[in-house]
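Everything below concerns the one structure shown next.
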Amino acid sequence: MTTQERPPTEGPPIGSDRVPSLVLVHTGHGKGKSTAAFGTMLRAVSRGWKVAVVQFLKSGNWKVGEEKVGRSLGVDWWALGDGFTWDSDNMSETEAVAREAWSFTRRLIAQGNHRMVVLDEVTYPLNWGWIDESEMVEVLRSRPSHVTVILTGRDAPDSLIEAADTVTEMVKVKHAFDRGIRARRGIDY
């Protein structure tokens with residue numbers, strides 16, 4: 001037997017505080033972390049915001065639809081990763097690429113030229129120790145007051161969750177990959 005809920009008749013309490021920017025984290029093992037970030041990116045672009053995306057795993061060799069559309073809308077886009085780690089011929093080089101991507105990103109955020117910066121798949125090099133966790137939290141806390149940052153990737157560490165204003169965990173209930181179905185163009189990339 002299901003319990004039917006009544007529709008709400010009052011909205012949630014709304015505070016009067018308006019903040020100039022937020023830190024959002026999309027984490028978890030479910031599909032949709034980057035997709036949610038890019039959806040928010042589209043909202044920001046539609047409001048006239050200057051937006052940047054830094055991808056920490058995808059390299060410039062990837063041809064993904066979100067980059068094509070983002071660039072066509074004026075989003076500054078950097079795919080600075082070295083690809084999947086299991087494809088790496090030299091893990092030290094892959095780590096160095098991630099460290100350099102973080103160095104670039106720190107400067108990008110601090111410059112404050114973008115109202116939104118998306119750090120796609122950044123939790124992976126963070127969790128592997130390639131990016132210093134306390135340094136990342138400090139960059140987020142000391143960012144220019146108008147810069148919103150969105151971070152994506154599985155297993156966001158507690159310090160990142162604590163530093164964020166909004167955290168969403170994507171939960172996998174079922175995924176086509178589990179049945180051996182490969183990533184599909186237009187759906188997964």
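Taking the chain as a Gaussian network of alpha-carbon nodes connected by springs under 10 Å, the highest mean-square fluctuation of the residues V117, V149, V137 belongs to V137.
Of D158, D76, D132, the residue with the greatest mean-square motion in the GNM of the chain, using alpha carbon springs below 10 Å, is D158. Ordered from longest to shortest, the equivalent ellipsoid semi-axes for the range 48-189 are 24, 19, 17 Å, each the square root of 5 times a Cα gyration tensor eigenvalue. Centre-to-centre separation between the Cα atoms of the range 142-176 and those of the range 68-134: 15 Å. Dipole size of the chain about its Cα centre, with +1 on Lys/Arg Cβ and -1 on Asp/Glu Cβ: approximately 960 debye, rounded to the nearest 20. Per-atom-type breakdown for the chain gives carbon and sulfur 49% of the accessible area (1.4 Å probe, protein chains only). Beta-bridge orientation, the chain: approximately 0 percent antiparallel, per DSSP, counting only bridges with both partners inside. Most fluctuating residue of G74, G32, G153 in a GNM of the chain with Cα springs under 10 Å: which is it? Largest GNM mean-square fluctuation: G74. Which one of G74, P13, N90 is farthest out on the positive end of the charge dipole of the range 1-129, using unit charges on Cβ (Lys, Arg +1; Asp, Glu -1) and the Cα centre as origin? Selected residue: P13.
Accessible area per residue for the chain, computed on protein heavy atoms with a 1.4 Å probe, is 63 Å².
The values are calculated or read from the model by the stated rules, or taken from the named source; none is laboratory data. Source: prediction; values computed, not measured. Heads up, the Cβs are rebuilt from the backbone with ideal geometry, glycines too, and the neighbour counts pull from every protein chain shown. What goes into the accessible areas is simple: the full protein's heavy atoms, side chains included, and nothing from ligands, DNA or RNA. Shrake-Rupley method; radii C 1.70, N 1.55, O 1.52, S 1.80 Å.
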